[in-house]
1. With bins 5 Å wide starting at 0, give me the P(r) of the stretch 30-148 over every alpha carbon pair, in whole percents.
2. Given only helices, namely DSSP H runs of n ≥ 4 each adding -39500 (n - 2.57), what is the per-residue ellipticity at 222 nm of the chain, to the nearest 500 deg cm²/dmol?
3. What would the Debye equation give as log₁₀ I(q)/I(0) for the stretch 112-232 at q = 0.11, 0.18 Å⁻¹, counting only Cα atoms as equal point scatterers?
4. Of the candidates THR186, THR205, THR220, which one comes out as most mobile in a Gaussian network treatment of the chain with C-alpha springs shorter than 10 Å?
5. Per residue and in Å³, how big is the convex hull formed by the alpha-carbon atoms of the stretch 167-222?
6. Any idea how far apart MET137 and ILE224 come out in nm if each label point goes 7 Å out from Cα toward Cβ?
7. Could you work out, for the chain, what percent of all Cα-Cα pairs fall into each 5 Å distance bin, beginning at 0 Å and stopping at the bin that holds the largest distance?
8. Grab every C-alpha pair in the stretch 97-182, bin the distances at 10 angstrom width from 0 up to the longest one, and report whole percents.
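The values are calculated or read from the model by the stated rules, or taken from the named source; none is laboratory data. Model, not experiment: these values are computed from the prediction. Ideal geometry is used to build each Cβ from the backbone, glycine not excepted, and the neighbour counts take in all protein chains shown. Ligands, DNA and RNA are stripped out before the accessible areas are found, and what is left, the full protein with its side chains, is counted by its heavy atoms. Shrake-Rupley method; radii C 1.70, N 1.55, O 1.52, S 1.80 Å.
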Amino acid sequence: MIGDSDGLSRFASSPCLAGEVAPDHFGASGIDPEQARDVARWRRAERTRLIGRREGLGQTGRAQLSVQIGLQLRKALTARGVAPGTVLSGYWPIKGEPDLRVLMSDLHRIGVIIALPVVETRAAPLIFRRWTPETRMVRGDWNIPVPPPNAAALTPDVTLAPCLGWDERCYRLGWGGGYFDRTLATVTPRPFAFGIALAGARLATIFPQPHDIPLDLIVTEDGISASRRPAS
């Protein structure tokens, strides 16, 4: 939070709408309702700011950052031991998210099994369906391309989560639906989760709520920018 000239403390950026979007999932959290509303308002405002900042980079700027993030992610995946036979869940980029489809194709060619997340049931954990560069995609929720229903369902060893914002504790500010939080809270064994983000989207905190699940690493164009675990 920041202090204003009028002496009041206000949020510097906006808290996750997951609890608002899917209250049936998160239920009573035991936190003060007014605080939860403040956090939700903050997150709405922060999403708007971060989306505007990303759009301001232009198509060329976003493409250059995608290449840089892809190079850094290759290093991080190698260090993590991702190899042929590993099941890795990527994502289909929307709204200016870093585009890692070239990397996904390259990993597929060396034998890494690629999956993409699918919203099969609203306000429920994601499922993951197998993807290859030849997969004929269909339109899923919010018109996001996803593998068809007959694609094999998989449990990922590693998952990539695009971030609008992130903090040094590896908490992620996403679109507000709560799907990644639900999934990481329920998938067994839990996949190792890489947040994919722009370095400039770092926040002092996302004001994590009880339903927020931290990721394991944040990878930006600068490399591994945050980690919950000490380097080995």
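1. P(r) over the stretch 30-148, rounded to whole percents: 2, 9, 15, 16, 17, 17, 12, 7, 4, 1, 0.
2. Estimated from H runs of four or more residues: -9500 deg cm²/dmol.
3. Treating every Cα as an identical point scatterer, log10 I(q)/I(0) equals -0.38, -1.00.
4. The residue that fluctuates most here is THR186.
5. Values: hull volume 4.4 nm³, N = 56.
Once divided by residue count, the hull of the stretch 167-222 is 79 Å³.
6. In this crude label model, MET137 to ILE224 measures out at 3.0 nm.
7. Final binned percentages: 1, 6, 14, 18, 20, 18, 12, 6, 3, 1, 1, 0.
8. The distribution over the stretch 97-182 is 15, 47, 33, 5, given as percents.
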